Amino acid sequence: MVNKMNIVPEITRKSITHLINNEERVDGRAMDEYREISLETGVISKAEGSARVKIGNTQIMVGTKPQIGEPFPDTPDVGVLMTNSELLPMASPSFEPGPPDERSVELSRVADRCIRESQMVDLEKLCIIPGKKVWMVFIDLHILDYDGNLMDAAVLGAVAALKNTMIPEVKVVDNEIIIDHENMKPLPIREEVVMCTFAKIGEQLVIDPSLDEEEILSARLSIGITASDKICAMQKGGDSPLTKEEIMNAVKITESKSKELMKYLEC
Amino acid sequence: MITIITLGTNIGAKSREDGRAFDELRNLKIEAGVLERADGSAYLEFGGNKVLVAVYGPKESFIRRFQRPDRAYIRCRYNMAPFSVDDRKRPGPDRRSIEISKITAEALQPAVILEKYPRSVIEIFIEVLEAEGGTRCAGITAASVALADAGIPMKDMVVACAAGKVDGQVVLDLSEVEDKDGQADVPVAILPRSGEITLLQSDGNLSTVEFEKALDLAIKGCNQISEVQKEALKKRYGE
């Protein structure tokens, strides 16, 4: 894993760090500025919900698939959410075909926690027969183009796809489940959630790291926040520590920046 | 003088489930250069199919046993997104996608001037984002455009299209429903300039006469698609 990381020339590292220490970035952005974001929903008709999200040149296709399955024994009357991501070899020369590696597993688990803990989807409404049958919603993140900050793109795309998801009406008659594909209804959604990722480079924190920045960051912090400002997920990454002040500063920026991201989820 | 006017091309024939004539292709759209990281890429929509292809290389081959001292080799990976079909497909390669990957590489190989890049590998990644019958042909057609977009020298651009038999009639470009209910499916890839065939599969029952008819029809379809491939590259790189 570690040895698969690209080697960054010292001169590139120094120039990016030098710029950032002077509050400048390679692509001219401010420290707390996202790259251009685009979000389209309903792009895959075979998927019950879908979204294509782009942050800069990073591009993810998200599709959701609801299936009827058995609930977990410890939560017999709630539906199931499953998040899976594929770092496709098409997206980057550093991604290899094969079973998900640790980067891919971290991405899907962080996105999963963010969505699950925000309680965005009302999973209790996805129960069909308590203890026996519930809706299982699969969220598949298909990473098409990798140019940094997969976390924020993944959560944005997943939330948009979930909001776009339609499930068929279900009736239970004498232990028989009747699935009515003629009557589709949206997934029960409470409130949206977004994720903001920061990179520590030099002495600064920058939001939405590009690939160049991601490759030289010393620490990374991702914060999931709901529309009502509840922090629902966090993940620190990278080899170096962060101070409490840096973390609290990131939380503060997330509170204001999340509003910007939420706008893409309207409609 | 009596003039006979023929309306439509399939008089006397039953119309198809989606209303197409027997020799009519589904709507086709190809765009070249859609990804940032890949050396070459193409996006293709063909009926309900949505296919994305990325090409990396030629680059040094790290897998020794595949390395050839006198030329490059092509490594192809055909993969379907879990959400591309009605019932979620489990991620990862299955027997079908492994076979398609193999025949796709073989279908494209004759066009690529591999001798130019000894000891190298050209990687082709085909992602089916939505499947509606004929994805292997869509993948090959898009892969050729992605190879060209990557600037890889080729003698020709391979193009693929299927023909088959539905309700006893030989038809061009089977949709998902027609493939399921039909009697035969014949995917074909050609080098359009020479007319040589680089991929041929057949699944189902055909008489010799029907097979020849299907093959001719598929080649006709390939030639039409070939024009759309060229248009996509012209649009990206100018005339």
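Since every read-out is calculated from the coordinates, none of them should be taken as a lab result. Since we're looking at a predicted model, the values are computed, not measured. All Cβ positions, even for glycine, are placed from backbone atoms using ideal geometry, and neighbour counts span all protein chains on display.
Some notes on this structure:
- For region B:120-219: rounded, prolate or oblate by the Cα gyration tensor [a/c cutoff 1.5]: oblate
- Here the calculated FRET efficiency for B:LYS213 and B:LYS102, from their Cβ-Cβ distance with R0 = 35 Å, stands at 0.80, rounded to the nearest 0.05.
- Spatially, region A:26-84 and region A:106-155 are offset by 8 Å when compared through their Cα centroids.
- Point-to-point label distance, B:ASP167-B:GLN67, nm (Cα→Cβ direction, 7 Å offset): 5.8 nm
- GNM flexibility winner over chain A from A:PRO97, A:PRO168, A:PRO66 (Cα, springs under 10 Å): A:PRO97
- For region A:148-214, applying the loop criterion from DSSP together with a ceiling of 14 other beta carbons within 10 Å to the GluC sites (Glu not before Pro) yields A:GLU191, A:GLU203.
- Chymotrypsin sites (Phe, Trp or Tyr not before Pro) restricted to region B:14-92 and DSSP loop, no more than 15 other C-beta within 10 Å: B:PHE62
- Paired Rg and Dmax values of region A:1-153, which use every Cα atom, in angstrom: 19.1, 61
- Estimated FRET transfer efficiency (A:LYS185, A:GLU124; beta-carbon r; R0 22 Å; 0.05): 0.90
- Helix-only mean residue ellipticity at 222 nm for chain A, each DSSP H run of n ≥ 4 adding -39500 (n - 2.57), per residue, nearest 500: -8500 deg cm²/dmol
- Label positions at B:GLU60 and A:ILE7, each projected 7 Å from the Cα along the C-beta direction, are separated by 0.9 nm.
- In range of the label at A:LYS133: residues from region A:162-183 whose backbone nitrogen is under 11 Å from the point 7 Å along Cα→Cβ: A:170-180
- Annotation: for a label point projected 7 angstrom from Cα along Cα→Cβ of B:GLN109, residues of region B:180-219 with backbone N closer than 15 Å are B:197-200.
- Cα centroid of region B:13-44 to Cα centroid of region B:139-197, whole Å: 11 Å
- Label sites at B:LYS180 and B:LYS220, each approximated as a point 7 angstrom past Cα along Cα to Cβ, lie 2.8 nm apart.
- Within a Gaussian network of chain A (alpha carbon springs, distance under 10 Å), most fluctuating of A:PRO76, A:PRO209, A:PRO99: A:PRO99
- Cut-off under 5 Å, modelled amide H: who pairs with B:ARG37 long-range: A:TYR146
- Computed from the alpha carbon atoms alone, the convex hull of region A:104-168 holds 105 Å³ per residue.
- Considering only B:ILE74, B:GLN169, B:GLY48, the residue lying farthest towards the positive end of the dipole of region B:28-237 is B:ILE74, judged by Cα position with unit charges set on Cβ.
- Principal semi-axes of the equivalent ellipsoid, √(5λ) from the alpha carbon gyration tensor of region B:187-239, are 28, 9, 9 Å from largest down.
- Average partner coverage of A:40-53, which counts Cβ from other chains inside 10 Å: 3
- Remark on A:THR83: its backbone amide H falls under 5 Å from those of A:ILE139, a criterion applied only to residues 5 or more positions apart or on other chains, H modelled at 1.01 Å from N.
- Close amide H partners of B:VAL159, meaning residues 5 or more places away or on another chain with modelled amide H under 5 Å apart, are B:ILE190.
- Rounded if a/c under 1.5, otherwise prolate or oblate - the protein assembly as shown, Cα gyration tensor axes: oblate
- Global geometry of region A:137-243, whether rounded, prolate or oblate, following the gyration tensor of its Cα atoms and the 1.5 cut on a/c: prolate
- 30 Å tail of the calculated P(r), chain A, as % of Cα pairs: 31 percent
- Loop GluC sites (Glu not before Pro), region B:134-204, which have at most 16 other Cβ atoms in a 10 Å radius of their Cβ (DSSP): none
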